[in-house]
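**Q** First the structure, which I've put down as structure tokens, then a few questions once you've had a look.
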Amino acid sequence: MRRSLLLLACSGMMSALHAQSGWLPPQQFPAGTNLCDTASWQLVFTDDFDGDQIDRSKWITFGSYPGMAGGDHEHWNGARTWYDNPYILRDKNVVVSEGTCKLVIRRETGNWSCTDCPNPVAFKKQVSAAQIATYRNLPDGTDNAYNNGRFEARLRFPVFKGAWCALWTWHGLGVNEIDIAEAWGGGLSGGNQRRNTFSTHAWGPDPSANPPLPNPYNLPYDAAWSNKFPGQGWWRNLPGGNAHRQDDWHTYTCEWDDNELRFYLDGNLAGRRWKYIRDQGYVYNGHNYKLTVGAECQPQPGANYYISYGYPYNTKSASQLILLARVNEQAGLNREDRQAGLDSVLHPGVLGQMEVDYVKIWQRHPEQDNHRKIGMNLLKTAPAADYNTLPGQHGQTLPYTIHIVSTRDNRDRQQFQLFEGSGEYRYPTTPLNFEWDITVTTAGREQHYKRQGAFVATPWLQLAPGAAYSMSWSLHVSRNGATVARYSGCSDSHSPAYEMQNKEVHYFNALFTDVPAYEQSVAAGVKQATVSEIEIKDTAYLDQLIEQIRTEALAPYLQLQPEDLWVTGHP
């Protein structure tokens, strides 16, 4: 969620990139190599917002950059806004009360200027926003940045159209960035659907800089890696879909080590990003996929590993933790179009707020970053979110949701994808067992298939032009040999584009006009997913991972009206 103001304002300070080496030669590790640091996490920063105003000894409310003489200050031309931003950061929008910090966003016209800055500026904006950030540079000249750590906050995001908020770390010169949680409220250029992601960026130099800036590793403008938090598959926005709600309280955590990034949602692992990776081919149902395998703690001896293209931190990154509540920048639109977009979506007055319960930071070796240990406690306990609970796993009674997608391509081939969509199955692999019996009948001929897994599919079946079909299925869900649930149903070629059966079974039709484009999307998703050295040996896990990605990639091909599925709210 890069802020262009700092990159542009500070680009003249960049004499060399402290960034990515995705183009470096492969690296091999000898047997017995251990890349992981196992030292305990030590608390170095905490704020529970128990007062009635922001603690100025911990936070700044404006933008800064590395190396500011005399400590962080706002006496520079990008402290409160920049040319491409439709907002001004206002201190009045940082409100501490009743044990939380509210970062308020308002639709109000205002001005900000810095007439005595080295490069004087004056801006008029239509939105006021709010930000709190840890210090980069203390007044006594001490470096207060972070080069690794465990960052955690319990918060909830606004969901009005145009909202764009984030919990993130950034170096400040456009090079290193970790988006621990980045949330869009939908609308404007963010798309109709709300979404909540975690990501990394290694920013190359500004391509418009004149003269050109050094780029020793041939980085693009943005070497990015991104994933959604669980609970945001397209099927989750249906009735009974149990979708992730970013406006609910959630605990977001990122553990950043020199070798690995781990992202957690409410204490559950959501994704990992390794510094050292290798490629490995995998064949699934006749498709050749390339998987990205992370080295973890003990890399495979003699294997060729590359530094992840886009892994943010190879050298000292001097980052700060930032919590920012704002509106979408409307990137790519001219100012007139941007204003029209704001007028059509954002009403005058308070639009919403990002509310923060607490923020904590730990480090394994705080002395390396000039930080001081203040405690060892790890977690402030928060209740687990319902969406991340597998029905039947711990005795829950939450019903399953079964989804059947009937897909036809432009060559009169038919395929059926069936999946149980109420839980998340990537991290970890579910202990539940899903057994499917599927029968497809066409031209008087029956074909039977047995499949196992939460996400399954039939082979492509060649049909005569205009030929009818019928399909019946049954699902047996069990745990440790004991039945948890049974479901069954049927559909045929006359079924509507979308049909819901008692909120538990949903039928869809999909049409492929461009099969290669779909397969390319799936291949890119598989490559992006990244698996561990343990997971690459688990074929059942890999099959389910690929089948789930294939299901997620169906979204553009579903024969639905936008209002049927791409909703911006929740039931």
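**Q** I need the full set of residues from the range 65-77 which are at pLDDT 90 or above and closer than 17 Å to residue 134 by Cα, in order please.
**A** 72, 73, 74
**Q** Looking only at residues that are at pLDDT 90 or above, open to solvent by 20 Å² or more (accessible area, probe 1.4 Å) and among the acidic types (Asp, Glu) in the range 536-569, which one is nearest to residue 497 (Cα to Cα)?
**A** Looking at residues that are at pLDDT 90 or above, open to solvent by 20 Å² or more (accessible area, probe 1.4 Å) and among the acidic types (Asp, Glu), I get 552.
**Q** Going through 47, 37 one at a time, which residue ends up being of a type in the set (D, E, K, R), in the same structural domain as residue 145 (by the TED database) and modelled with pLDDT of 95 or more?
**A** On the way: 37 fails: modelled with pLDDT of 95 or more.
One residue alone meets the criteria, 47.
**Q** I'd like the residue in the range 79-95 that is at pLDDT 90 or above and part of a loop (DSSP other than H, G, I, E, B) and, out of all such residues, is nearest to residue 137 (Cα to Cα). Before the answer, list the steps.
**A** Step one: filter the range 79-95 for residues at pLDDT 90 or above, giving 79-81, 87-95.
Keeping just the survivors that are part of a loop (DSSP other than H, G, I, E, B) gives 79-81, 90.
Working: 79: 15, 80: 18, 81: 20, 90: 21 Å.
Taking the candidates together, the pick is 79.
**Q** Moving to a separate point now. Would you mind telling me which numbered condition in (1) under 19 Å from residue 351 (Cα atoms); (2) of a type outside the set (A, V, I, L, M, F, W, C); (3) modelled with pLDDT under 95; (4) not in a loop (DSSP other than H, G, I, E, B) residue 182 fails?
**A** (3)
**Q** Right, something else. For the range 250-313, give me every one of the strands (runs of 3 or more DSSP E) that falls completely inside it and has 3 or more residues that are farther than 30 Å from residue 42 by Cα and under 22 Å from the mean Cα position of the chain (by Cα).
**A** Per the criteria, 287-294.
**Q** Might you let me know whether the range 469-484 holds any residue that is among the charged types (D, E, K, R), touching a residue at least 24 places away in the same chain (Cβ under 8 Å) and under 30 Å from residue 224 (Cβ atoms)?
**A** So the first thing to find is which residues in the range 469-484 are among the charged types (D, E, K, R), and the list is 479.
Keeping just the survivors that are touching a residue at least 24 places away in the same chain (Cβ under 8 Å) gives 479.
Add one more test, that the residue is under 30 Å from residue 224 (Cβ atoms), and what stays is none.
No.
**Q** On to the next question. Give the residues of the range 284-313 that are touching a residue at least 12 places away in the same chain (Cβ under 8 Å) and closer than 14 Å to residue 526 by Cβ, sorted by residue number.
**A** Within the range 284-313, 284, 285, 287, 289, 290, 291, 292, 293 meet the criteria.
**Q** Something else now. Select the strands (runs of 3 or more DSSP E) contained entirely in the range 386-465, then report the ones holding at least 3 residues which are of a type in the set (S, T, N, Q) and at pLDDT 85 or above.
**A** 413-420, 433-442
**Q** If we scan the range 153-164, do we find a residue that is outside any strand (DSSP E or B), open to solvent by less than 10 Å² (accessible area, probe 1.4 Å) and at pLDDT below 90?
**A** Taking every residue of the range 153-164 in turn, at least one turns out to be outside any strand (DSSP E or B), open to solvent by less than 10 Å² (accessible area, probe 1.4 Å) and at pLDDT below 90.
**Q** Quick check on the range 343-358: of everything there that is under 30 Å from residue 45 (Cα atoms) and open to solvent by less than 40 Å² (accessible area, probe 1.4 Å), which residue is modelled with the lowest pLDDT? Give the derivation first.
**A** Going residue by residue through the range 343-358, those that are under 30 Å from residue 45 (Cα atoms) are 352-358.
Next, from what is left, pick out any that are open to solvent by less than 40 Å² (accessible area, probe 1.4 Å): 352, 354-358.
Details: 352: 95, 354: 98, 355: 98, 356: 98, 357: 98, 358: 98.
The extreme case among them is 352.
The values are calculated or read from the model by the stated rules, or taken from the named source; none is laboratory data. Predicted, not measured: the structure shown is a model, and the values here were computed from it. Counting neighbours? That spans all protein chains shown, and the Cβs are built from the backbone with ideal geometry, glycine included. To get the accessible areas, we keep the full protein, side chains included, count just its heavy atoms, and leave off ligands, DNA and RNA. Shrake-Rupley method; radii C 1.70, N 1.55, O 1.52, S 1.80 Å.
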